[in-house]
Amino acid sequence: MITLKEALTLSSTELDTLRDDLNKKIEDNKNLGAYVEQLTNSEISVAGTGVPIAIKDNINVKNQHVTCGSNILQGYNSPYNATVIDNLEKAGLSAYGRTNMDEFAMGSSTDTSCYGKTLNPLDNDKVPGGSSGGSAAAVAAGIAIAALGSDTGGSIRQPAAYCGVVGMKPTYGRVSRYGISAYSSSLDQVGPITQNVEDAAILYDIISGHDPKDSTSADVEKTPVTPNLNADKKLTIAVIDNYITQASDEVKKGFEVALKALENAGHKIIHKNMVDTSKILSSYYIVATAEASANLARLDGVRYGNRKGDSGLKDMYIQTKSQGFGDEVQKRILLGSFVLSSGYYDAYYIKAQKVRHLIKDEYSKIFEEADLILSPVAPTTAPKFGSFKTSLEMYLSDIYTISVNLAGLPAISLPVSNDKDGMPVGLQLIGQAYDEQTVFDGALSLEKAVAYKKA
Ligand code: GLN
C-alpha cells in the first residue's frame, strides 16, 4: 500500500483508481473483519473525494452510520461531522469506511463488537489488540493507507503494537473530542494509526489544533511537526527499571534491541524508578468506568438508536439497555455507578483522582532530566483469542499504556523487532505534554535505528 505522504501527491484520477483498488482489496480481506462498513463508490462522492482514511466506528461522519460497535446504536446516523473529520476534509482527505472496535472502546482485543471479532492479519488466531483493532488491522493488512483510532487507555498504541504498525496518542486536549463518542471524557484522545512515523506526523498535524467547540480542547500554540522532523536530534531517554520487570522475555528482548539502537544513534539513556506502580491499574479503572457510566447514561432508548420495550418508560429503559449493551459494557456501567455512589465516592473516585495526580507528578520528575521515556506497550506480543479468562486478566495487560492517559501525555508506539513466532514487539516513546515534536523526532530516530522488517 502506498504511504499517506505519497497518496497526498496523487491527482484526482489517480485517487479514483486508488479507491477502486482499495475497494477490491478490502473485499478480498473481508474475513479479517477490519471494516464494519465500506462506502460504495456513489457514497464516496457524497463523503468527499480526498485521500481515503479509515475511521474508527466511534467518530461521527456526517450522514453516515456510527455505532461504536454496539447494538444499542444500530440505525443511528450522525447529523454532523466530528471536528477531526472536518479537518481531514480541509486537508484533502476523506473518511472512508468504518473500522471495527471493542464495544464503546472498552477492551484490548476487538472481540466484543456486535459485528464480531477482527483478526490479526499477521496471525489470524491472535487478537489485533483493541479497542482500535479494526483500524490497526486495516493498516497492517494493506487495506487502509492510514486510519484514525481513539486512545483512552492504550487503544491506539496497543493494537498498533500487536499488528506491527505505528500508533500515536496526542497530548490530552491537542485533538478535538467534538463528535467523538465519549468513553472516558478526561482520558479520550483521537490519533493516527499509520504505516510509518512520518505518516503519523502528517496525520497528527492535520487533525490537531484548538477547537472552540470542545471545552477540553487546549488553546495552546501549535507548530506543525512534519516540516520540523529531525531524527538527528540527540535526546535523553529514560527507562523506568521497575516497570519493565512485568514484561515477557520476548518483549524484554525487543526492549534491549531498541535501547542498544538508540544508544548507537547517539542518544543518552538514563535509568529511573517509579514509586508504587501497583495503584495505576485501579486508579484507571475507577476513573474510566465512572466517566463511562455517566457518558453512556444518555443511551436509554429516548433519543438515540435502537429502542426496545413497549410496556412503558421503565420497560423501555430496561429492555433498551439490557439488549443493546454487551456484557463488558454493562459490567463497566455497574462498576462506574458503584464508585460514584454516595458513601463510596470518597473511598474510590476521589482516591483514584489523588493517585492520578501522584502519577502525573512521578512523570514530571522524570521529565526534569529526560526528553522521552521508552517503555513497552504491552507485557506480551499479541495473545491468542480467548487467552484472557477474566476481565481482570485483560485489564492487567493495560499496565504500560494507561498511566500515560491518566497523566495526559503524548506517546507513540512503533514496532522494533519480532518475537520467536514472528509477531511484532511494539515499544512506546512517551513525551512531555504538548511536546509532540520531540515524540516524533525520537520515534523517527528509533524507526531508523531499528530498521524493523515484518517477519
Ligand atoms: N483497554 C483499555 C480499556 O478497556 C483501554 C481502552 C481504550 O483505550 N479505549 O479501558
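Of note:
- Residue list for segment 112-127, restricted to those being more than 17 Å from residue 152 (Cβ to Cβ) and within 13 Å of the ligand (Cβ to nearest atom): 127
- Pair list, Cβ under 8 Å, 6 or more apart: segment 14-28 residue within 18 Å of residue 147 (Cα to Cα) and basic (Lys, Arg), other residue open to solvent by less than 30 Å² (accessible area, probe 1.4 Å) and assigned to a helix (DSSP H, G or I): 19/44
For (1) in contact with an Asp or Glu (Cβ under 9 Å, 6 or more places away or on another chain); (2) open to solvent by 10 Å² or more (accessible area, probe 1.4 Å); (3) touching a residue at least 24 places away in the same chain (Cβ under 8 Å); (4) in a loop (DSSP other than H, G, I, E, B), each residue gets a yes or a no:
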| residue | (1), (2), (3), (4) |
| --- | --- |
| 217 | yes, yes, yes, yes |
| 222 | yes, yes, yes, yes |
| 234 | no, yes, yes, yes |
| 239 | no, no, yes, no |
| 242 | no, yes, yes, no |
| 246 | no, yes, yes, yes |
| 254 | yes, no, yes, no |
| 259 | no, yes, yes, no |
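- Pair list, Cβ < 7 Å and 6+ apart or interchain, from segment 154-173 residues that are of a type in the set (S, T, N, Q) to residues that are assigned to a loop (DSSP other than H, G, I, E, B) and more than 13 Å from the ligand (Cβ to nearest atom): 171/408; 171/409; 171/410; 171/433; 171/434
- Looking only at segment 120-136, residues that are open to solvent by less than 30 Å² (accessible area, probe 1.4 Å) and either under 21 Å from residue 188 (Cβ atoms) or out of contact with any Cys (no Cβ under 8 Å at 6 or more places or on another chain) (or both) come to 11 in all.
- Condition check for residue 183: modelled with pLDDT of 95 or more and in contact with a strand residue (DSSP E or B) (Cβ under 7 Å, 6 or more places away or on another chain): no
- Whichever residue in segment 156-172 is over 19 Å from residue 444 (Cα atoms) and open to solvent by less than 10 Å² (accessible area, probe 1.4 Å) and, among such residues, is nearest to the ligand (Cβ to nearest atom): 159
Quick grid of which residues meet (1) part of a helix (DSSP H, G or I); (2) open to solvent by 10 Å² or more (accessible area, probe 1.4 Å):
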site	(1), (2)
388	no, yes
395	yes, yes
404	yes, no
416	no, no
421	no, yes
434	no, yes
440	yes, no
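The values are calculated or read from the model by the stated rules, or taken from the named source; none is laboratory data. Computed from a predicted model, the values in this text were never measured in an experiment. No Cβ is skipped: glycine too gets one built from the backbone with ideal geometry, and neighbour counts run over all protein chains shown. Keep in mind that these areas ignore ligands, DNA and RNA; they rest on the heavy atoms of the full protein, side chains included. Shrake-Rupley method; radii C 1.70, N 1.55, O 1.52, S 1.80 Å.
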